[in-house]
Amino acid sequence: MKRECIALLERWLRGAAPYLYTSSDGAGMTCYGTGDNGWGVQTNQKAFAAYAVLAAAEELDRNRAGMSREAILDTALRLLRFSLRSHREGDRRCTDGTRWGHTWISALGVERMMHGVDAIEGELTEADRALLCKVLLSECDWILDNYDIVGGLYHEDGKNKPESNLWNGALLHRTATMYPDSPRAERYKEKGSGLLVNAISLPSDATNGSIVDGKPVWERFVGANFFASMALNHHGYLNVGYMVICLSNIAMLHFTCKAKGIAAPESLYHHAGELWRLVRSCTFPDGRLMRIGGDTRARYTYCQEYLVPAWLLARDLYGDDACADMEAGWLAHIRREMDANGDGTFLSKRCGALAGYSPLYYTRLESDRAAALSMGAAWSELAGRSASAKAGEAAARETIEPLPYWHDDYHGAYLHRSANRIASWVWKAAEKPQGLCVPPDASHMAEWRENLAGRIGGLGKVSAQRLESHSGRSFEGGFITWGSTIAYTEGLLAEGKDAEDLARSQIVCVALPDDTHMVVLQHARALDRRVFVTAVKGLQLLIPNDVYNENRRSYYHAGGVHHLQGYGSRRETVPFSASWANADDRLGVIGVYGADRLYLHRPGRRQIGLKQSLRFEEPEGTLYADEICGPMALGLQSLEPNETILDTGFVLQAGMSHADTARYATDRSARKLEGLGTSGLLRGIELLGTDGRRYLVLANFGDRTEVVSIPSSKWARALSEGRSIKPDLSGYLRIALRAGEGEAVRLDAHCNME
């Protein structure tokens, strides 16, 4: 891993060079990126770490790097001096004329650059060391005097601060270790432990009597940032990415301490093992992060990058041997993307538009990848080696298996992993709601933006869904969940009216216990007044088609196959000849009712990017995705009050070939159930599982409890409740469903009532 990280960083030097800026004032400083306060400073700090680690690497190949070791070291020192001298303790300013420091996030950039300082420590002048000391002590004094320790489960309360508690606590401990004679060193350590205990903090910590850093946990506990399930509501949604950020900041102090042969504070590892187990479960085997709750930012950047130090931490602390394959897989993805770029950058092909309208954001993302790779280069040989072992000797290893299933009630989050299928659904997501059904070895097929939840677009600049309610249950081999949302639009071009609600959408989603199938039933109606919509997309299965899959997909359908290029193709809608399709012989989709045919919508631009916002309009996103929809209508439509917009039932098949999907659809192995009740709002599908069992998926989209009546001579088992259902004397299964509720039923030839 070390050699590969170094090789990638050597290639990056050519791509980084155009973004280096040296002022004309002769101060001997250089910055990478924009150099302004905030993220500009942090971008420079991360770039410094990459240059410094390369300069110190014995494996450096100057021919591949295109620079001598001396030139790389000189650049690193110039970058470091810009960072130190533009601080409040320095004698210079950032490029925007301000000085940085003394904020809740200042410590983050410092933590991410300190392994670079360690790498070239012997090259620092006495003046460099003195100013570094002043900066670190100044930041720690500010944290000690001004940063309150808080914790809270919910983003909207303003107290959910797991990651900032962690990096501020880590900096306090780091500085106390570096300068033990400083007058406030003991106070740094005590507050640092308080911050770390309240980073990955759980509700149970309120009564946790475990002794950590000399005190029981409850004595330092202020508030829980994580739910008991280990779910994290950071930025207002189930945020898997910031779970990774927490682990990465643990790694930064952990490996510093290990390299120096000193003990890290016990509080640094508080609940780290439980969090790693969940993050491990939300990672594909090839290292791509499985963001089941979605993302509000550029795809496969930032949080994804900091899995590198998280993997090293897991290998070192828990001996998790699976990390090696994830590391290798992700580095291969980086190499593939750099090959596609051809200019030494990490991201220019996917994020080229971003570079044009926000060099601040673009260089921030480039420097994240560079910093994470430099951590891999700096720490990979330490990971897995016991403190007493000689170089090259590794500690005992094991593979930590991911959780087969996981759920969190608050977010309405459900995840099930098996050999052939990864299935998930999350209601309180970044772009809510969203589901996933893919084979485990097809991470390149995963996307989150309202995936599988359909889309109703309005006349405003932004159209999205607001969560009304949700419920559900996990069961052995799968899950069922149901809920409702309000589709709305905002940013209307109208005086006195800037937003409006459009429709109510109800969904029932079931991951069947057959390791293959997921069923999605949806019913959407306009609200009780006339509304205008600009787009209606049923299902909306998103299939990324970009650099990670070599910009090429094959879509099989009843009329043949389309071999289609991804990004760079024109905007078009391709109608399929029937209501089934299969992507790449890996993922099947069958419209059972509500869509006579499927459509492949190709947006002609990278439409997946930052979460849509009224604050700014993103000219282009950072990932291209094809959209399989049914039905689909684009263009202005006027809808009557309470008009049905979507009434669909779909079956998805993970790991199925196109021949299997075609046969399944032709044989009508999935069919709509008719005559279920009197309201006209009961829906159901009967389908055959790959386990040879027959299943029923039922939904009540009405506003009152109704009894579903199904003719059957077989007993059945309601999967959500684990109870058996016996046919009545008239030969019907009777199943009561409350308003909005769903049920999954397995038909059994023999089933007892126990």
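Computed values, structure above
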quantity	calculated
Residue, farthest from A524 (Cα to Cα), within region 578-635, restricted to residues that are in contact with a Leu (Cβ under 9 Å, 6 or more places away or on another chain) and among the polar types (S, T, N, Q)	T622
So D91, is it at pLDDT 95 or above, open to solvent by 40 Å² or more (accessible area, probe 1.4 Å) and assigned to a helix (DSSP H, G or I)	no
Subset of region 303-334 (residues that are in contact with a Gly (Cβ under 7 Å, 6 or more places away or on another chain) and of a type in the set (S, T, Y))	Y318
Those residues of region 1-42 which are more than 28 Å from the chain's Cα centre (by Cα) and of a type in the set (S, T, N, Q), in sequence order	T22, S23, S24, T30
Subset of region 686-713 that is polar (S, T, N, Q) and in contact with a Gly (Cβ under 8 Å, 6 or more places away or on another chain) - its residue that is nearest to I480 (Cα to Cα)	N700
Every residue from region 700-711 that is crowded, with 17+ Cβ neighbours inside 10 Å and in contact with a Phe, Trp or Tyr (Cβ under 7 Å, 6 or more places away or on another chain)	S709, I710
Qualifying residue in region 68-75 (condition: open to solvent by 10 Å² or more (accessible area, probe 1.4 Å), more than 30 Å from G384 (Cβ to Cβ), at pLDDT 95 or above and in a loop (DSSP other than H, G, I, E, B))	yes
Residue satisfying all of: in region 367-386; touching a Leu at 6+ places or on another chain (Cβ under 6 Å) and assigned to a helix (DSSP H, G or I); nearest to E550 (Cα to Cα) among these	L373
Hits in region 196-214 - residues which are surrounded by fewer than 24 Cβ atoms within 10 Å (Cβ to Cβ) and among the hydroxyl-bearing types (S, T, Y)	S204, T207, S210
P402 vs. criteria farther than 19 Å from R530 by Cα, modelled with pLDDT of 95 or more, open to solvent by less than 40 Å² (accessible area, probe 1.4 Å) and assigned to a loop (DSSP other than H, G, I, E, B)	no
Given (1) surrounded by 17 or more Cβ atoms within 10 Å (Cβ to Cβ); (2) part of a strand (DSSP E or B), number of the condition A662 does not satisfy	(2)
Of residues in region 411-434 being over 18 Å from the mean Cα position of the chain (by Cα) and open to solvent by 10 Å² or more (accessible area, probe 1.4 Å), the one farthest from V520 (Cα to Cα)	A419
Residue within region 672-682 that is basic (K, R), touching an Asp or Glu at 6+ places or on another chain (Cβ under 9 Å), within 30 Å of D585 (Cβ to Cβ) and not in a strand (DSSP E or B) present	no
Any chance V217 is crowded, with 24+ Cβ neighbours inside 10 Å and in contact with a strand residue (DSSP E or B) (Cβ under 9 Å, 6 or more places away or on another chain)	no
Which numbered condition A503 fails, given (1) of a type outside the set (S, T, Y); (2) closer than 29 Å to F616 by Cβ; (3) open to solvent by 50 Å² or more (accessible area, probe 1.4 Å)	(3)
Test result for S229, in contact with a helix residue (DSSP H, G or I) (Cβ under 9 Å, 6 or more places away or on another chain) and not in a helix (DSSP H, G or I)	yes
Matching residues, region 330-362, being aromatic (F, W, Y), assigned to a helix (DSSP H, G or I) and closer than 24 Å to K2 by Cα	W330
Pairs with Cβ under 6 Å, 6+ apart, first in region 1-20 and open to solvent by 50 Å² or more (accessible area, probe 1.4 Å), second outside any helix (DSSP H, G or I) and not charged (D, E, K, R)	M1/S380; R11/G344; R14/G66; R14/G344; Y19/Y32; Y19/G33; L20/T30; L20/Y32
Which listed residue, of L131, L144, L153, is over 33 Å from the mean Cα position of the chain (by Cα) and open to solvent by 10 Å² or more (accessible area, probe 1.4 Å)	L131
Check on R69, more than 20 Å from T301 (Cα to Cα), over 36 Å from the mean Cα position of the chain (by Cα) and of a type in the set (K, R)	yes
Residue within region 253-269 that is within 15 Å of the chain's Cα centre (by Cα), surrounded by 19 or more Cβ atoms within 10 Å (Cβ to Cβ), in a helix (DSSP H, G or I) and not polar (S, T, N, Q) present	no
Top-ranked residue of region 156-195 - restricted to ones that are open to solvent by less than 10 Å² (accessible area, probe 1.4 Å) and aliphatic (A, V, I, L, M), ranked as farthest from C303 (Cα to Cα)	A185
Per-region count, region 606-637, residues part of a loop (DSSP other than H, G, I, E, B), over 19 Å from the mean Cα position of the chain (by Cα) and at pLDDT 95 or above	2
Entirely in region 510-559, the strands (runs of 3 or more DSSP E) that have 1 or more residues that are open to solvent by 10 Å² or more (accessible area, probe 1.4 Å), β-branched (V, I, T) and closer than 22 Å to E431 by Cβ	531-537
Failed item in (1) polar (S, T, N, Q); (2) under 31 Å from the mean Cα position of the chain (by Cα); (3) part of a helix (DSSP H, G or I), with S138 passing the rest	(2)
Flag if I608 is over 20 Å from M656 (Cβ atoms) and touching a residue at least 12 places away in the same chain (Cβ under 8 Å)	yes
Some residue of region 40-62 being of a type in the set (D, E, K, R) and either within 20 Å of S138 (Cβ to Cβ) or in contact with a strand residue (DSSP E or B) (Cβ under 9 Å, 6 or more places away or on another chain) (or both)	yes
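This table checks each residue for (1) within 20 Å of S348 (Cβ to Cβ); (2) of a type in the set (A, V, I, L, M, F, W, C); (3) in a loop (DSSP other than H, G, I, E, B).
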{"position": "R3", "(1), (2), (3)": "no, no, no"}
{"position": "G15", "(1), (2), (3)": "yes, no, no"}
{"position": "G26", "(1), (2), (3)": "no, no, yes"}
{"position": "A50", "(1), (2), (3)": "yes, yes, no"}
{"position": "V53", "(1), (2), (3)": "no, yes, no"}
{"position": "F82", "(1), (2), (3)": "no, yes, no"}
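The values are calculated or read from the model by the stated rules, or taken from the named source; none is laboratory data. It should be emphasised that the depicted structure is a prediction, and the values quoted were computed from it without experimental measurement. We place every Cβ from the backbone using ideal geometry, glycine too, and count neighbours over all the protein chains shown. Please note that ligands, DNA and RNA were not included when accessible areas were found on the heavy atoms of the full protein model with its side chains. Shrake-Rupley method; radii C 1.70, N 1.55, O 1.52, S 1.80 Å.
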